[in-house]
Amino acid sequence: MLRTLRIKNLALVEDLTWELGPGYNVITGETGAGKSILIGALELVLGERADRTRLRSGADSATVEAVFDVQDLRIPLADWLEENGLEPCEDGRLVLKRTVTASGLNRQFVNGTPTTLAVLKRLGDWLVDIHGPHDHQSLLQPGRQLDLLDAYGGLQELRTRFAQACQERARLEQQRAALAMDEAAHARQVDLLRHQVREITEARLQPEEEETLPALHQRLSNAARLLQLSRAALDLLSESESSILQQAGVMGRALQELQRLDPAAREFVESHARAVEQWRALREDLSRYADRLELDPERLQEVEQRLDLIHSLKRKYGRTVAEVLAFGEQARRQLETLEQREAELARLQAAIAQVDQTLRALGAELTERRRKVIPGLTRAVGRQLEDLGFRQSHFEVQLESELDAWTAGPPPAPTGFDRIEFLFAPNPGEPPRPLRAIASSGELARVMLALKTVLAAQDEIPVLVFDEVDANVGGETAHAVGAKMREIAAHRQVLCVTHLPQVAAAASHHWVVRKSVRQGRTVSELEPLEASARVEELARMLGGRTEEALRHAAALLESAQGGRPRSAARNR
């Protein structure tokens with residue numbers, strides 16, 4: 001439900017915060033007071049076209065922010081927000097914001113994250129259905145009408161099975177298309193895969209080669225220099241007449257004489273002995289290292305060729321040896337499939353034929369059950385239309401099926417083979433026409449109200465907005481409109497702009513829009529009405545605040561509220 005709507009600098013609104021209640025919310029006020037601004041602001045934050053001329057005079061920008069409670073929303077909103085890079089909802093609240101500037105630079109946000117207008121529109125389709133002169137009417141779309149017919153008839157599970165069969169057929173068809181190539185293309189593909197598999201297999205790659213071969217190559221390519229350096233080090237260490245170990249012997253004799261003359265010098269003799277031991281160990285290690293060095297040009301050439309082969313394979317098939325090996329395995333599996341193409345094609349064809357049988361059976365069942373549901377829906381909607389003043393109108397649901405014409409191939413849609421259209425004739429003698437062809441917004445709004453009343457328990461859009469539902473309505477029909485609003489509000493939050501006191505009296509929460517002048521500027525303001533103020537507003541709508549009108553208003557309010565007066569909710 002819509003919790004809060006805040007509007008800044010839009011038309012006559014300077015700064016308005018509207019905190020709505022659950023159930024049925026009604027907005028009344030004098031003509032021109034600014035009621036349409038509220039609906040326009042809601043449309044704006046739900047992604048409708050921005051009109052810079054609606055900015056308040058003197059303001060550089062206008063902002064609308066809406067907070068929705070989405071805890072009971074049935075769609076997978078959390079996953080959708082994550083997929084679109086948007087922040088998750090906190091405490092089950094979705095925050096939408098739209099800013100329109102005089103320069104034309106508009107911005108929109110979802111839970112504080114900048115987003116696109118398309119994202120706002122998508123959320124608007126899920127959250128709010130607006131009926132009135134500004135179309136935001138999902139029920140006009142044949143696809144949406146089909147959804148509601150199936151929801152009314154409890155056909156969702158059957159539809160899901162049909163959609164799953166469609167997905168399975170598409171998957172099988174994709175596999176078949178990958179195999180269904182001409183012979184020349186098939187031969188080329190097989191030759192390519194055989195070459196790739198053979199090239200990777202014959203290389204006998206080992207994952208550790210990426211690390212061991214470069215190190216081996218470096219040693220082999222520098223073997224002569226390494227041998228030269230190690231031998232030079234050995235010569236300095238022990239081979240030459242002035243080598244380190246020769247000099248160490250002279251030093252040792254000197255330190256022995258030093259110790260003989262001064263026993264305290266023993267530590268120098270011990271340090272010298274340890275140093276000589278380390279030099280001798282170094283000599284042995286260097287000697288073994290020099291013996292291991294290979295001056296083998298052929299081995300070096302082999303390693304270089306191996307490295308060139310690995311680099312060539314990596315350029316073709318992957319960044320690493322592991323990726324090359326994975327590519328080879330995938331190519332091997334593809335090759336096996338292509339080499340068995342005829343058998344695989346036959347298998348896929350049989351599987352597709354089986355799925356087609358399932359689609360035909362499920363599609364026929366869907367069509368049959370829809371035909372059985374339609375009479376109940378038309379009767380229920382017809383009764384609601386009678387209550388709303390269309391005593392000689394005609395409502396019907398037209399169903400056209402493509403099942404008989406379907407032989408093979410993908411079905412028309414994952415919803416089945418049927419197309420439906422809601423048709424309506426408001427006056428006797430007129431042929432019924434599609435709802436989208438109805439010219440009168442008042443007629444259309446009341447038809448929508450009848451449909452919403454019947455389908456309220458199935459429709460998943462949580463917020464319904466009705467504007468001008470009272471066009472050309474009066475008397476008992478006006479009472480019926482109010483009752484229908486209240487009936488729908490048992491399942492959804494309802495917002496209604498009305499000029500009829502009978503419609504307003506049925507609301508759980510009553511708001512009035514008034515114009516005032518502050519500091520020489522006209523401002524539209526929104527006020528919640530308590531019981532006595534609400535009676536006065538209803539009396540005004542009845543034609544005046546006379547004693548008779550006030551008594552009539554009080555009686556009207558008590559009757560519409562089920563025999564006891566109720567007050568409107570306050571702003572919180």
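The values are calculated or read from the model by the stated rules, or taken from the named source; none is laboratory data. Just so it is clear, the model here is predicted, and its values are computed rather than measured. So basically every Cβ, Gly included, is an ideal-geometry build from the backbone, and we count neighbours across all protein chains shown.
Screening the candidates Val303, Val324 for the property of being at pLDDT below 85, assigned to a helix (DSSP H, G or I) and within 30 Å of Arg219 (Cβ to Cβ) yields one hit, Val303.
Scanning region 309-322 for residues that are within 11 Å of Leu205 (Cβ to Cβ) and free of Cβ contacts under 8 Å to residues at least 12 places away in the same chain yields Lys314, Gly318. In region 397-416 there is at least one residue matching the filter, namely being surrounded by fewer than 17 Cβ atoms within 10 Å (Cβ to Cβ), over 30 Å from Gln349 (Cα atoms) and modelled with pLDDT of 85 or more.
Every residue, every condition in (1) outside any helix (DSSP H, G or I); (2) under 46 Å from the mean Cα position of the chain (by Cα); (3) at pLDDT 85 or above, yes or no:
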| site | (1), (2), (3) |
| --- | --- |
| Ala490 | yes, yes, yes |
| His499 | yes, yes, yes |
| Val503 | no, yes, yes |
| Glu527 | yes, yes, yes |
| Ser532 | no, no, yes |
| Ala539 | no, no, yes |
| His552 | no, no, yes |
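Note on region 412-447: residues that are out of contact with any Cys (no Cβ under 6 Å at 6 or more places or on another chain) and either in a loop (DSSP other than H, G, I, E, B) or acidic (Asp, Glu) (or both) total 16.
Identify all residues within region 101-120 that are at pLDDT below 90 and under 25 Å from Val497 (Cβ atoms); write none if there are none. Those that are at pLDDT below 90 and under 25 Å from Val497 (Cβ atoms): none in region 101-120.
One residue stands out in region 358-377 among those that are buried (at least 16 other Cβ atoms within 10 Å of the Cβ) and touching a strand residue (DSSP E or B) at 6+ places or on another chain (Cβ under 7 Å): the one that is farthest from Leu158 (Cα to Cα), namely Leu377.
Within the set Gly92, Gly143, the sole residue that is among the small types (Gly, Ala, Ser) and within 30 Å of Pro414 (Cα to Cα) turns out to be Gly143.
The residue that is surrounded by the fewest Cβ atoms within 10 Å (Cβ to Cβ), among those in region 1-51 that are in a loop (DSSP other than H, G, I, E, B) and more than 29 Å from the chain's Cα centre (by Cα), is Thr31. Of all residues in region 141-167, those satisfying the criterion of being modelled with pLDDT of 90 or more and under 23 Å from the mean Cα position of the chain (by Cα) are Arg159, Thr160, Ala163, Gln164, Cys166, Gln167.
Matching residues to (1) surrounded by fewer than 23 Cβ atoms within 10 Å (Cβ to Cβ); (2) touching a residue at least 60 places away in the same chain (Cβ under 8 Å); (3) under 30 Å from Leu455 (Cα atoms):
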{"residue": "His491", "(1), (2), (3)": "yes, no, yes"}
{"residue": "Val497", "(1), (2), (3)": "no, yes, yes"}
{"residue": "Val512", "(1), (2), (3)": "no, yes, yes"}
{"residue": "Thr522", "(1), (2), (3)": "yes, yes, no"}
{"residue": "Ala531", "(1), (2), (3)": "yes, no, no"}
{"residue": "Glu536", "(1), (2), (3)": "yes, no, no"}
{"residue": "Arg551", "(1), (2), (3)": "yes, no, no"}
{"residue": "Ala555", "(1), (2), (3)": "yes, no, no"}
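The condition of being touching a residue at least 60 places away in the same chain (Cβ under 8 Å) and either within 30 Å of Asp235 (Cβ to Cβ) or out of contact with any Leu (no Cβ under 8 Å at 6 or more places or on another chain) (or both) does not hold for Leu282.
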